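Reading through the structure tokens given below for one structure.
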Amino acid sequence: MDKQAQTSRRDKLPFDIGTAFDRIDAAIRPWPKAALFQLAEEGYGSTFEQLVACIISIRTYDEVTLPVSRKLFERARTPADMIALSERDLDALISPSTFHERKAGQILAIAHRVLDEFGGELPGERDVLMSFAGVGPKCANLVLGIACGAPFISVDIHVHRVTSRWGYVQAATPEKTLAVLEAKLPPQYWIEINRLLVPFGKHICTGKLPHCSTCPVLDMCQQVGVTSHR
């Protein structure tokens, strides 16, 4: 990093998370919303719909997740609707997503369990969501936050990278970042952090050559690990 950047790092303001989130909220308005938040705004906000969309989103770009989820929900929005589809038909509907064959089986298995064990209504309970094959903490937390307003933090690669780059978190993995954020981040931001930092991480604080020159929180960011930027 050049001397000017090193000097500017020493002159950074203390990191204020509330101010940062306000600025980022304004900065990301021109960009598409994160897929599950967008689907919720369109009316696909039930716990079951959000869980299905989250499974579709795994290792899949939002630009694919959104149209695939919409296409599926045109045919099936409830567990009863879903099991009326054959696994072959379901697989065809979600085929643009990564690992679609596996996901089709997982979604049908979830739909059957929701009908058999919960009377067709998926409860907003973390232990229940985590008991389904293919559902990890990131997915469960995101679904509960969006569908139920439950206080959980979902840490994906964007949340991990951005908070580490700020110097707000010092953790080697997303899982460790989650633990740090649960101890440090004010609860009112637990759901918001994913909504804000996914588009922010995609379009401004990118993995390679972040757009530091247009970053709304540059005056507070420690730029940890940033060796070159735009």
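Laid out as a table, the results:
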item	result
Unique match (being surrounded by fewer than 18 Cβ atoms within 10 Å (Cβ to Cβ), under 21 Å from PRO30 (Cα atoms) and in contact (Cβ under 8 Å) with a residue 60 or more places away in the chain) among HIS211, HIS203	HIS203
Residue pairs meeting the criteria (Cβ under 9 Å; at least 6 apart or on separate chains; first under 13 Å from CYS221 (Cα atoms), in region 16-27; second exposed (fewer than 14 other Cβ atoms within 10 Å of the Cβ) and charged (D, E, K, R))	ILE17/LYS184
Test: residue in region 169-179 that is among the polar types (S, T, N, Q), surrounded by fewer than 20 Cβ atoms within 10 Å (Cβ to Cβ) and under 30 Å from LEU85 (Cα atoms)	no
Some residue of region 50-57 being within 19 Å of the chain's Cα centre (by Cα) and not in a helix (DSSP H, G or I)	no
Residue in region 204-214 that is of a type outside the set (Gly, Ala, Ser), closer than 25 Å to ASN141 by Cβ, part of a helix (DSSP H, G or I) and assigned by TED's automatic domain parsing to the domain that holds GLY18 present	no
Residues (within 17 Å of THR19 (Cα to Cα) and part of a helix (DSSP H, G or I)) located in region 182-196	LYS184, PRO187, GLN188, TYR189, GLU192, ILE193, ASN194, ARG195, LEU196
Verdict on LYS176 being under 12 Å from the mean Cα position of the chain (by Cα), under 26 Å from PHE99 (Cβ atoms) and not in a loop (DSSP other than H, G, I, E, B)	no
Subset of region 106-135 (residues that are at pLDDT 95 or above, farther than 16 Å from THR78 by Cα and among the small types (Gly, Ala, Ser))	SER131
Lone unmet requirement of (1) part of a helix (DSSP H, G or I); (2) in the same structural domain as GLY45 (by TED's automatic domain parsing) for PRO199	(2)
Test: residue in region 148-163 that is assigned to a helix (DSSP H, G or I) and aromatic (Phe, Trp, Tyr)	no
Residues being on the phi > 0 side of the Ramachandran plot and of a type in the set (Gly, Ala, Ser) - total across region 29-73	1
Hits in region 102-143 (condition: of a type in the set (Gly, Ala, Ser) and farther than 24 Å from THR173 by Cβ)	ALA104, GLY105, ALA109, ALA111, GLY119, GLY120, GLY124
Single condition GLY167 does not satisfy, out of (1) touching a Cys at 6+ places or on another chain (Cβ under 8 Å); (2) free of Cβ contacts under 8 Å to residues at least 24 places away in the same chain	(2)
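The values are calculated or read from the model by the stated rules, or taken from the named source; none is laboratory data. Not measured: the values here are computed from a predicted model. Cβ atoms come from the backbone with ideal geometry, glycine included; neighbour counts cover every protein chain shown.
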